[in-house]
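The structure appears below as structure tokens.
Every number here is computed from the coordinates shown, using simple stated rules; none is lab data. Remember, it's a predicted structure, so these values are computed and weren't measured experimentally. Using ideal geometry, Cβ is built from the backbone for each residue, glycine included, and neighbour counts are taken over all protein chains shown.
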Amino acid sequence: RKEVEQDPGPFNVPEGATVAFNCTYSNSASQSFFWYRQDCRKEPKLLMSVYSSGNEDGRFTAQLNRASQYISLLIRDSKLSDSATYLCVGLDSSYKLIFGSGTRLLVRP
Amino acid sequence: EPEVTQTPSHQVTQMGQEVILRCVPISNHLYFYWYRQILGQKVEFLVSFYNNEISEKSEIFDDQFSVERPDGSNFTLKIRSTKLEDSAMYFCASSEPFVYEQFFGPGTRLTVL
């Protein structure tokens, strides 16, 4: 089983839509979790950390289900500027980041 | 807002040549990392560095690779004899002590001809 697995998309949604991304992980990538966003040919930028209790930052909500080894990111009221690739990332026991392949989001006018 | 910087932004080299990629981590960070991303593929861990020594390295990080913190601010990745398959974006990242979030620099695009 791949360490961090994501649906590659693309998700093509209209402005204002709510969109959810899912991610599954194996035990090796299970110390902590993050969502990063990556624009084309740019560096990954930390979007938010994912806490066991779930956390929200403005229009973004992240959830972690350790029993199912499942992480989600919900984006409400999508903006054109949200168009990017969203990377689900785990931190393993030696503190290295393990990246998923990313889910591409396209927000159309 | 402090950020990680990297130079050069783009490096073109001939196969077999040595390259040095440079990074200036965020000033109060003590943990440093190199990752790479081959075009169209996922970001992969190369090496982590703390207290002037390598903490962890991946299978990719073979004898052709080395890292160094030559002074109090720079963190470098050297590839001794580049191969075509070393062509990729190389990202430097850093993190604070006891904090898991890692912050990435803008990357160096390495093209090996």
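Looking only at B:66, B:94, B:48, which one moves most when chain B is put into a Gaussian network model with springs between Cα atoms under 10 Å?
Evaluated over chain B, the most mobile residue of the options is B:66.
Say R0 is 35 Å: what FRET efficiency, to the nearest 0.05, do residue B:5 and residue A:67 get from their beta-carbon distance?
Working: r = 41 Å, r/R0 = 1.18.
My answer for the efficiency is 0.25.
Assuming R0 = 25 Å, what is the FRET efficiency of residue A:12 and residue B:39, from their Cβ-Cβ distance, to the nearest 0.05? Before the final figure, lay out each step's value.
Numbers: r = 23 Å, r/R0 = 0.91.
Calculated value: 0.65.
Excluding residue B:78 itself, what net charge comes from residues whose Cβ is under 13 Å from its Cβ, given Lys and Arg +1 and Asp and Glu -1? Kindly include the intermediate steps, with their values, before the conclusion.
Numbers: positive: B:22, B:69, B:80; negative: B:18, B:62, B:63, B:68, B:86.
Charge balance in the 13 Å sphere: -2.
Rounded, prolate or oblate: which one fits region A:28-109, using the alpha carbon gyration tensor with axes a ≥ b ≥ c (rounded when a/c is under 1.5, else prolate when a/b beats b/c, else oblate)?
On the way: a/c = 2.31, a/b = 1.42, b/c = 1.63.
Oblate, because a/c is 1.5 or more while a/b does not exceed b/c.
With unit charges on the beta carbon (Lys/Arg positive, Asp/Glu negative), name the residue among B:21, B:92, B:66 whose Cα is farthest towards the positive pole of the charge dipole of chain B.
Farthest towards the positive end: B:21.
Using DSSP to call loops (not H, G, I, E or B), can you name the chymotrypsin sites (Phe, Trp or Tyr not before Pro) in region B:21-113 whose Cβ has at most 11 other Cβ atoms within 10 angstrom? Don't jump to the answer; show the numbers that get you there.
On the way: sites: B:31, B:32, B:33, B:34, B:35, B:45, B:49, B:50, B:61, B:65, B:75, B:90, B:91, B:98, B:100, B:103, B:104; in loops: B:61, B:98, B:100.
Loop-located and lightly packed - B:98.
Rounded if a/c is under 1.5, else prolate if a/b beats b/c, else oblate: with a ≥ b ≥ c from the C-alpha gyration tensor eigenvalues square-rooted, which is the protein assembly as shown? Don't skip to the answer; put the middle values down first.
Numbers: a/c = 1.87, a/b = 1.55, b/c = 1.21.
Judged from the Cα gyration tensor, the protein assembly as shown comes out prolate (a/c at least 1.5, a/b above b/c).
How far apart, in nm, are the 7 Å Cα→Cβ label points at residue A:45 and residue B:24?
The two pseudo-label positions are separated by 2.1 nm.
Residue B:81 versus residue A:31, label points 7 Å from Cα toward the beta carbon: distance in nm?
3.4
Most mobile of B:40, B:72, B:16 per a Gaussian network model of chain B (Cα springs, under 10 Å)?
B:40
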